[in-house]
Amino acid sequence: METDRRYFLEGLFIIGFVAAVALFFVWLAGTGHRDDVLYRIHFAQSVSGLSKGDAVKFSGVDIGTVEAMAIDPVDPRRVQVDVKLRKDAPVKGDTKATLKLKGITGVAYIELEGGSANAKTLLATTSEGQIPEIPSEKSSLTTVIDELPKVVERFAALENQTKKILSDVGQTTSKIKEDPSVLLKGAKEKSEKSSPRNR
């Protein structure tokens, strides 16, 4: 009985200790993000591949996460994305946000770039009570996708020209096969044009 009681107390102590450690880490994580700042970004493009909790990076360094996404209530052509960034994130008045893809997986994240050294922080230039808004730029990927129809059109025109040239070459080859003297006639005409009598 004494042994059972000792095992019970040891087990209870271990469970209590593990629970205390877990609570400590939860508290630590909460205090670490208490000073995070909420920013807003409006994208005039699809944010497909972006989800709540995805990374926000500044020149490749993680500085926050996506907090919420919704259709802009003022302009339904835009997507409103709220992000929580570390208080020390160098978000300036001239910082821009773009959507980027992680490799070829289709998973998106937000990349913040720019911000001159002398520019004021976006937080300092935003009125109290308002959410600071980071302007967005069209991503290079979207620009490429937008230009794709034009590129396809150019390739189609080039293909048509190539087909015409090959058709002309094929017709000329057929004529030479039927009458090889065509080559001699062409050479004779050239020599007559270049002969001194014709000058």
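When Thr31 is tested against the conditions (1) modelled with pLDDT of 80 or more; (2) part of a helix (DSSP H, G or I), the lone failure is (1).
Of all residues in segment 79-92, those being without any contact (Cβ under 8 Å) to a residue 40 or more places away in the chain and either among the polar types (S, T, N, Q) or open to solvent by 40 Å² or more (accessible area, probe 1.4 Å) (or both) number 2. Tallying residues that are open to solvent by 60 Å² or more (accessible area, probe 1.4 Å) and under 19 Å from the mean Cα position of the chain (by Cα) within segment 108-129 yields 1.
Among the residues making up segment 33-64, those that are open to solvent by 30 Å² or more (accessible area, probe 1.4 Å), without any contact (Cβ under 8 Å) to a residue 40 or more places away in the chain and closer than 15 Å to Lys87 by Cα are Arg34, Val61, Asp62. Across segment 65-76, not a single residue is classified as of a type outside the set (Ser, Thr, Tyr), modelled with pLDDT under 90 and loosely packed, with under 15 Cβ neighbours inside 10 Å.
The values are calculated or read from the model by the stated rules, or taken from the named source; none is laboratory data. These figures come from a predicted structure and were not determined experimentally. Reconstructed Cβ throughout: ideal geometry from the backbone, glycine too, with neighbour counts over all protein chains shown. Side chains are part of the model used for accessible areas, which takes the heavy atoms of the whole protein and leaves out ligands, DNA and RNA. Shrake-Rupley method; radii C 1.70, N 1.55, O 1.52, S 1.80 Å.
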